[in-house]
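Trainee: I am attaching a structure below and will ask some questions about it afterwards.
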Ligand SMILES: Cc1cc2nc3c(=O)[nH]c(=O)nc-3n(C[C@H](O)[C@H](O)[C@H](O)COP(=O)(O)O)c2cc1C
């Protein structure tokens, strides 16, 4: 069921996607025990890591329990990217990933992310210098192309393979598309068939059945879960159970939901203090209750609270009538 990225064993085929402001160390540690076989940090600027403030390093630090872990970096200078890759290797990353799919405006300024994928010769230089700089496996995460007329995923995947990259992740949308429309799994499949290194597919996997469908009907080695894990780390245990037994597992009980929310909040509070802990957990707490009765009023209350005890009381108060 698993596969290898270089020498790193990926025990199961469902991976946690990199997501800015979402997949920090605490969230990764929440998700890992549910069966995410490989977790990614959110993207981090190579320039920032080399020349920026010490605080940016918090984005790439991780706990031993998160292993195997991929650190994702972005940038467009072959020199800075390779220097940064080496630093990430020294920090202990199991895998180094280059972000080549993000098209937010600040990426344009530094010609990184999806903008780097528009300049294939510069991208090749970056990839070569990063590959030479480290011994750990190196991977790249791309979109299918800039737009439907420029489907660069095939060429980038071939280049990655020829340079000695160990895997490619393809998000099956164009940069112009952003997150609109459906991910194009036919193209992801074609990329997977065109190279020998593992290809991981990304886009719209939010249930065990869909993960099973993509893994059985395409040639990808793994699937990445992005928005589908927000408020739902159980998606990983559900995928594992479905792949192993064919049985569609029960969704988590409300008691389990409440316990994970309290645990998640407590971890953030203990590590980052009250103010930061609340700031970083708020959106997660809201995601956890999505679709439950009174979720909108919970959202309003949580958004206004700045006190640890009141947040804990509010979580318990929300679940009390649902559980009893
Ligand atoms: C809030 C958010 C932040 C993201 N941040 C990153 C990122 O830091 N690096 C990256 O490669 N992709 C990032 N992505 C893209 C996801 O990794 C994934 O490829 C995309 O969301 C499609 O998968 P999904 O349909 O499962 O969400 C982000 C997506 C979202 C929704």
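Trainee: In this structure, does residue 75 turn out to be at pLDDT 95 or above, within 16 Å of the ligand (Cβ to nearest atom), on the phi > 0 side of the Ramachandran plot and in contact with a helix residue (DSSP H, G or I) (Cβ under 9 Å, 6 or more places away or on another chain)? Don't jump to the end; show me each part of the working.
Mentor: Working: at pLDDT 95 or above: yes; within 16 Å of the ligand (Cβ to nearest atom): yes; on the phi > 0 side of the Ramachandran plot: yes; in contact with a helix residue (DSSP H, G or I) (Cβ under 9 Å, 6 or more places away or on another chain): yes.
Here the answer is yes, as residue 75 does meet what is asked.
Trainee: May I pose another question? With the condition being at pLDDT 95 or above, surrounded by 15 or more Cβ atoms within 10 Å (Cβ to Cβ) and over 22 Å from the mean Cα position of the chain (by Cα), I'd like the helices (runs of 4 or more DSSP H) fully within region 198-307 carrying at least 3 qualifying residues.
Mentor: Because the criterion is at least 3 residues that are at pLDDT 95 or above, surrounded by 15 or more Cβ atoms within 10 Å (Cβ to Cβ) and over 22 Å from the mean Cα position of the chain (by Cα), the helices (runs of 4 or more DSSP H) in region 198-307 that meet it are 254-289, 295-304.
Trainee: Restricting to region 97-135, name every residue that is away from the ligand (no atom under 16 Å from the Cβ), closer than 24 Å to residue 38 by Cβ and in a loop (DSSP other than H, G, I, E, B).
Mentor: Scanning region 97-135 gives 134, 135.
Trainee: Residue by residue through region 26-73, note down the ones that are in contact (Cβ under 8 Å) with a residue 40 or more places away in the chain and outside any helix (DSSP H, G or I).
Mentor: Once the filter is applied, which keeps residues that are in contact (Cβ under 8 Å) with a residue 40 or more places away in the chain and outside any helix (DSSP H, G or I), region 26-73 yields 35, 36, 37, 38, 40, 43, 45, 68, 69, 70, 72.
Trainee: Can you tell me which condition residue 136 does not meet? The list is (1) buried (at least 24 other Cβ atoms within 10 Å of the Cβ); (2) in contact with a helix residue (DSSP H, G or I) (Cβ under 6 Å, 6 or more places away or on another chain), and all the others hold.
Mentor: Going through (1) buried (at least 24 other Cβ atoms within 10 Å of the Cβ); (2) in contact with a helix residue (DSSP H, G or I) (Cβ under 6 Å, 6 or more places away or on another chain) one by one, residue 136 breaks only (1).
Trainee: If the requirement is being in contact with a helix residue (DSSP H, G or I) (Cβ under 7 Å, 6 or more places away or on another chain) and within 12 Å of the ligand (Cβ to nearest atom), which of these qualifies: 224, 258, 230?
Mentor: Going through 224, 258, 230 in turn, just one is in contact with a helix residue (DSSP H, G or I) (Cβ under 7 Å, 6 or more places away or on another chain) and within 12 Å of the ligand (Cβ to nearest atom): 230.
Trainee: Residues of region 69-80 being in contact with a strand residue (DSSP E or B) (Cβ under 7 Å, 6 or more places away or on another chain) and farther than 12 Å from residue 29 by Cα, which ones?
Mentor: 70, 71, 72, 73, 74, 75
Trainee: Within the bounds of region 167-179, is there any residue that is touching a helix residue (DSSP H, G or I) at 6+ places or on another chain (Cβ under 9 Å) and closer than 18 Å to residue 131 by Cα?
Mentor: Within region 167-179, one or more residues are touching a helix residue (DSSP H, G or I) at 6+ places or on another chain (Cβ under 9 Å) and closer than 18 Å to residue 131 by Cα.
Each row is one residue, and each column tells you yes or no for (1) assigned to a loop (DSSP other than H, G, I, E, B); (2) surrounded by 15 or more Cβ atoms within 10 Å (Cβ to Cβ).
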residue	(1), (2)
156	no, yes
168	no, yes
173	no, yes
180	yes, no
186	no, no
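Trainee: Being away from the ligand (no atom under 16 Å from the Cβ) and within 21 Å of residue 197 (Cβ to Cβ) is the filter here, so list the residues in region 1-43 that pass it.
Mentor: The answer is 1, 2, 3, 4, 6, 7, 8, 9, 10, 11, 12.
The values are calculated or read from the model by the stated rules, or taken from the named source; none is laboratory data. None of these values were measured; they are calculated from a predicted model. Reconstructed Cβ throughout: ideal geometry from the backbone, glycine too, with neighbour counts over all protein chains shown.
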